[in-house]
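K.L.:
The structure's right below; bear with me while I get my questions together.
The values are calculated or read from the model by the stated rules, or taken from the named source; none is laboratory data. For clarity, every value in this text was computed on a predicted model and none was experimentally measured. All Cβ positions, glycine included, derive from the backbone under ideal geometry; neighbour counts span all protein chains shown.
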Amino acid sequence: MDDEQNQRWLDRLRGPEPERGEAIEELRKQLLVGLSRSLGSRYGGAVQAEDIVQEALLRILDSLNSFQGRCRFLTWAMTVATRVGIGAARRKYFRDVSLDSLRQSDALQFELAVAPIASVEAAQDRDALVCQLKEIVDRQLTEKQRIAIQGVLDELPVEIIADRVGSNRNAVYKLVHDARLKLRDALEQSGITAEVFRSAFA
Amino acid sequence: MWNAQEKINKLMGLVTSVEMDELDCDECYGRVAEYAENLLLSRGYTEAMFAIQRHLEQCPCCRDEFDALMEGLRALPTLDEPS
């Protein structure tokens, strides 16, 4: 059933006019319904479904060959359209956000607004731990990795971080993944566990 | 302004949860339609589905897109299971 429907969509979208035009219009209407719901007020309503549906349609038509039939055609088409829509909304929403921290080469800053602590000894222990962590970060990570990790900690979207480091979304994910592995190994070797940090900051 | 403790906790969370064989964003994107449909139609999980679930737990951007996708798919009447 799904296979037949999927093949029918593909045949119509690749076929001659007027069938192709009718299929595109049908798909456009479906996407508009889905995108209206999925974009909703996300990112302050930065992008409306009507603004993005045409770009989404073009992306779908350009990538028909990548549809592998593991799900229904409309599910796949909505996945493509949602990425187009959310990506555009994020870029618009974060366009004016200050990203000064991501431009600094020593991006990771932990000294900010640390809560007061009861004893001098405990404060010294905590400061020593933070210094040790910063040292590990500086020693183990490349500048791009530090910037990417900073962006993740600041909850910036990967696309925005990618723009700042002159890369793409997937490369940023790999950058962060490699950084996490390096830090995990270095912290393990130094005997620093999550529990040590929890105790120091308790 | 960031609270240092919150930031460090988050960093430690990223570090302690890392796995060697995590999916990246492109790999997740390539399979997420199937994953969403399986959830919507209450179909079974495969090993690949668990890998997608793990990526979505780790990657806020993919998670955000996935949540939006699910909302959009629920608005489409044509995704109901055929009788």
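K.L.:
Could you check segment A:38-51 and list, in sequence order, the residues that are farther than 21 Å from B:ALA36 by Cα and more than 19 Å from the chain's Cα centre (by Cα)? I'd like the intermediate steps shown before the answer.
P.N.:
Filtering segment A:38-51 for residues farther than 21 Å from B:ALA36 by Cα gives A:41, A:43-48, A:50-51.
Passing the criteria: A:GLN48, A:GLU50, A:ASP51.
K.L.:
Here is a follow-up. Over 23 Å from B:GLU57 (Cα atoms) and either in contact with a His (Cβ under 8 Å, 6 or more places away or on another chain) or modelled with pLDDT of 85 or more (or both): which single residue out of A:GLY151, A:GLY166, A:GLY85 fits that description? Don't jump to the end; show me each part of the working.
P.N.:
Details: A:GLY151 fails: over 23 Å from B:GLU57 (Cα atoms); A:GLY85 fails: over 23 Å from B:GLU57 (Cα atoms).
Step by step, each of A:GLY151, A:GLY166, A:GLY85 is checked, and only A:GLY166 is over 23 Å from B:GLU57 (Cα atoms) and either in contact with a His (Cβ under 8 Å, 6 or more places away or on another chain) or modelled with pLDDT of 85 or more (or both).
K.L.:
Is there a residue in segment B:55-63 that is outside any helix (DSSP H, G or I) and modelled with pLDDT under 90? Walk me through how you get there before you give the answer.
P.N.:
Restricting attention to segment B:55-63, the residues satisfying the condition of being outside any helix (DSSP H, G or I) are B:59.
If we keep only those that are modelled with pLDDT under 90 too, we end up with B:59.
Scanning segment B:55-63 turns up at least one residue that is outside any helix (DSSP H, G or I) and modelled with pLDDT under 90.
K.L.:
Something else: Within segment B:1-21, how many residues turn out to be in contact with a helix residue (DSSP H, G or I) (Cβ under 6 Å, 6 or more places away or on another chain) and part of a loop (DSSP other than H, G, I, E, B)?
P.N.:
Qualifying residue count for the region: 1.
To keep it simple, each residue is scored yes or no on (1) in contact with a His (Cβ under 8 Å, 6 or more places away or on another chain); (2) surrounded by fewer than 16 Cβ atoms within 10 Å (Cβ to Cβ); (3) more than 7 Å from every other protein chain (Cβ to nearest Cβ); (4) on the phi > 0 side of the Ramachandran plot.
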residue: B:LYS7; (1), (2), (3), (4): no, no, no, no
residue: B:LEU14; (1), (2), (3), (4): no, no, no, no
residue: B:GLU22; (1), (2), (3), (4): yes, no, no, no
residue: B:CYS25; (1), (2), (3), (4): yes, no, no, no
residue: B:GLU65; (1), (2), (3), (4): no, no, no, no
residue: B:MET70; (1), (2), (3), (4): no, no, yes, no
residue: B:PRO77; (1), (2), (3), (4): no, yes, yes, no
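K.L.:
Return the only residue of A:GLY45, A:GLY34, A:GLY85, A:GLY69 being small (Gly, Ala, Ser), more than 12 Å from chain B (Cβ to nearest Cβ) and under 30 Å from A:ASN168 (Cα atoms).
P.N.:
Values: A:GLY34 fails: more than 12 Å from chain B (Cβ to nearest Cβ); A:GLY85 fails: more than 12 Å from chain B (Cβ to nearest Cβ); A:GLY69 fails: more than 12 Å from chain B (Cβ to nearest Cβ).
Of A:GLY45, A:GLY34, A:GLY85, A:GLY69, the one residue that is small (Gly, Ala, Ser), more than 12 Å from chain B (Cβ to nearest Cβ) and under 30 Å from A:ASN168 (Cα atoms) is A:GLY45.
K.L.:
Determine, yes or no, whether A:LEU153 is at negative phi, within 9 Å of chain B (Cβ to nearest Cβ) and surrounded by fewer than 19 Cβ atoms within 10 Å (Cβ to Cβ). Give the derivation first.
P.N.:
Details: at negative phi: yes; within 9 Å of chain B (Cβ to nearest Cβ): yes; surrounded by fewer than 19 Cβ atoms within 10 Å (Cβ to Cβ): no.
Judged against the criteria, A:LEU153 is not a match.
K.L.:
Cβ-Cβ distance below 8 Å, separation of 6 or more or different chains: which pairs start in segment A:127-140 with a residue that is over 14 Å from A:LYS182 (Cβ atoms) and end on one that is of a type in the set (Asp, Glu)?
P.N.:
A:VAL130/A:GLU111
K.L.:
With respect to B:GLU71, determine if the residue is under 29 Å from A:LEU27 (Cβ atoms), modelled with pLDDT of 85 or more and either β-branched (Val, Ile, Thr) or in contact with a Ser or Thr (Cβ under 7 Å, 6 or more places away or on another chain) (or both).
P.N.:
So B:GLU71 fits the description; yes.
K.L.:
Can you list residue pairs whose Cβ atoms sit under 6 Å apart, with the first residue in segment B:6-26 being among the hydroxyl-bearing types (Ser, Thr, Tyr) and the second being in a helix (DSSP H, G or I)? Count only pairs 6 or more apart in sequence or on different chains.
P.N.:
B:THR16/A:ALA194
K.L.:
Quick one: B:ASN38 ticks every box in (1) assigned to a loop (DSSP other than H, G, I, E, B); (2) touching a helix residue (DSSP H, G or I) at 6+ places or on another chain (Cβ under 9 Å) bar one, so which box is it?
P.N.:
Unmet for B:ASN38, out of (1) assigned to a loop (DSSP other than H, G, I, E, B); (2) touching a helix residue (DSSP H, G or I) at 6+ places or on another chain (Cβ under 9 Å): (1).
K.L.:
May I pose another question? Take the residues in segment A:1-49 that are in contact with a helix residue (DSSP H, G or I) (Cβ under 9 Å, 6 or more places away or on another chain) and assigned to a loop (DSSP other than H, G, I, E, B), then tell me which one is surrounded by the most Cβ atoms within 10 Å (Cβ to Cβ).
P.N.:
Going through the qualifying residues, I end up with A:VAL47.
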